[in-house]
1. Looking only at residues that are basic (K, R) and within 25 Å of R229 (Cβ to Cβ) in the range 247-296, which one is farthest from the ligand (Cβ to nearest atom)?
2. Please determine whether any residue of the range 180-188 is of a type in the set (S, T, N, Q), part of a helix (DSSP H, G or I) and over 22 Å from V230 (Cβ atoms).
3. Looking at (1) in a loop (DSSP other than H, G, I, E, B); (2) β-branched (V, I, T); (3) within 14 Å of the ligand (Cβ to nearest atom), which one does T193 not meet, given that it meets all the others?
4. Quick one: L300 ticks every box in (1) more than 13 Å from the ligand (Cβ to nearest atom); (2) modelled with pLDDT of 95 or more; (3) surrounded by 11 or more Cβ atoms within 10 Å (Cβ to Cβ) except a single one, so which number is it?
5. Condition first: in the same structural domain as D202 (by TED's automatic domain parsing), among the basic types (K, R) and within 13 Å of the ligand (Cβ to nearest atom). Can you find one or more residues in the range 342-354 that meet it?
6. Would you be able to tell me the number of residues in the range 177-208 that are surrounded by 17 or more Cβ atoms within 10 Å (Cβ to Cβ), of a type outside the set (F, W, Y) and at pLDDT 95 or above?
Amino acid sequence: MKERTTVVVGVTGGIAAYKTCELVRALVKRGRRVKVVMTGAATRFVTPLTFRTLTNEPVAVSLWDDSPGDPVHHVSLAEEADVMVIAPCTANVIAKLAHGRADDLLTTTALATEAPLIIAPAMNMHMWRKDITQANIAALRARGAVIVDPTSGDLACGDVGEGRLAPVEAILDAVLAEASRARDLEGRSVLVTAGGTQEPVDPVRYLGNRSSGKTGFAIAAEAARRGARVTLVTAPTHLADPFGVEVVRVHTALQMRAAVLARAGDADAIVMSAAVADFRPARPEAGKIKKGANAPDAILLEPTPDILAELGAREGARPVLVGFAAETSDVERHAREKLASKRVDLIVANDVSDPSLGFGTADNRVLFVSAEGTEELPVMPKQAIARALLDRVRELLG
Ligand code: C5P
């Protein structure tokens with residue numbers, strides 16, 4: 001372990017750059033080594049001298065100005081970083097990062113670093129709301145970047161709306177949280193399942209469910225970012241492969257069972273966030289069922305094997321097991337029953353009767369139910385739930 005965490009702070013050209021002085025000061029005050037890298041445009045708002053004075057470190061701007069006393073270049077900055085934060089981050093730099101462009105020192109450092117990347121956007125509300133900006137943000141999120149969302153209020157351009165840099169404390173919290181959990185799952189192997197299985201009725205129809213896979217994908221991405229070797233076994237979803245994760249795509253509960261059991265022996269932890277069908281058509285038709293007189297008036301169902309219970313029933317050394325419970329009533333009681341009957345270490349339970357939370361939404365409210373008790377989390381983004389869950393998994397791993 002290094003003695004001090006190094007935070008690379010990227011500053012881009014927005015009026016909110018003056019608030020980054022406060023962020024830098026707060027990080028230095030907390031004992032972090034802070035290295036600032038600025039875009040050319042950022043230096044129009046705050047001078048490098050300001051940051052140099054606050055950090056007592058050279059401030060880097062250009063790929064080309066390796067002045068003798070200040071030996072900084074993108075690779076050394078990228079390697080030194082335990083965490084990189086870009087605040088404020090303009091729409092332009094967000095677009096560049098989303099597409100892997102690296103045409104100045106800041107974007108080159110961001111592309112070269114393996115450290116967690118935190119982005120605090122700040123811009124005019126129309127720019128923030130544009131589909132292309134939101135798509136770029138979503139792409140960065142999918143690759144594991146932490147986005148500290150801008151807030152609403154008076155904007156420098158005179159508009160009132162969303163686009164103001166998040167409060168310095170919120171950015172600081174995100175940086176400190178990343179710094180403390182950076183690579184704490186190094187050397188661990190984590191198996192995650194996601195999505196809702198599809199059980200064929202005939203070659204064109206299936207029985208499915210409303211799971212979007214978002215939570216499982218967020219867990220896989222977060223575990224990979226924290227250094228784990230991650231395999232994600234997923235039923236069909238519309239989500240892109242998370243960065244640095246081995247993805248195995250399946251359709252049915254039986255395929256998921258085979259994929260999970262084949263890999264369970266290597267896993268230190270298994271997180272079953274998939275919505276696995278409990279029943280499947282017992283005799284799927286070989287040809288498409290036609291409407292009309294011969295159409296069946298019932299589909300005979302049979303239970304699927306319970307993958308998690310099968311893992312829980314194994315004797316001897318076994319991985320940490322996490323199950324999910326989607327309930328419509330008595331959430332905690334049902335979750336606790338599941339904890340016992342499936343013999344798992346933790347159940348993540350949520351109430352799916354509220355249509356604004358859960359299936360397909362970005363946020364959720366969950367309970368962590370374990371032998372030690374129940375922890376009730378507030379409504380939070382699925383990414384944040386993934387983080388909190390992996391904090392628990394890391395504790396369970398010992
Ligand atoms: O019993 P129930 O389906 O509510 O349990 C949900 C939990 O069990 C989830 O973690 C899910 O991934 C897992 N499960 C499973 N195999 C099944 C059904 C559910 O592993 N056939």
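1. Going through the qualifying residues, I end up with R249.
2. no
3. (1)
4. Every condition holds for L300 apart from (3).
5. Within the range 342-354, one or more residues are in the same structural domain as D202 (by TED's automatic domain parsing), among the basic types (K, R) and within 13 Å of the ligand (Cβ to nearest atom).
6. Number satisfying all stated conditions: 14.
For every residue, the table says whether it meets (1) modelled with pLDDT under 90; (2) within 28 Å of G208 (Cβ to Cβ).
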position: I347; (1), (2): no, yes
position: N350; (1), (2): no, yes
position: S356; (1), (2): yes, yes
position: R365; (1), (2): no, yes
position: A371; (1), (2): no, no
position: T374; (1), (2): no, no
position: P381; (1), (2): yes, yes
position: D391; (1), (2): no, no
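Rundown of residues vs (1) within 20 Å of V190 (Cβ to Cβ); (2) of a type in the set (D, E); (3) free of Cβ contacts under 8 Å to residues at least 40 places away in the same chain, yes/no style:
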site	(1), (2), (3)
A335	no, no, yes
R343	yes, no, yes
P355	no, no, yes
L367	no, no, yes
I385	yes, no, no
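The values are calculated or read from the model by the stated rules, or taken from the named source; none is laboratory data. This structure is a prediction, so every number in the text was calculated from the model and none was measured. Please note: Cβ atoms are built from the backbone with ideal geometry, for glycine as well, and neighbour counts cover all protein chains shown. When the accessible area is computed, the model is the full protein with side chains, heavy atoms only, and any ligands, DNA or RNA have been set aside. Shrake-Rupley method; radii C 1.70, N 1.55, O 1.52, S 1.80 Å.
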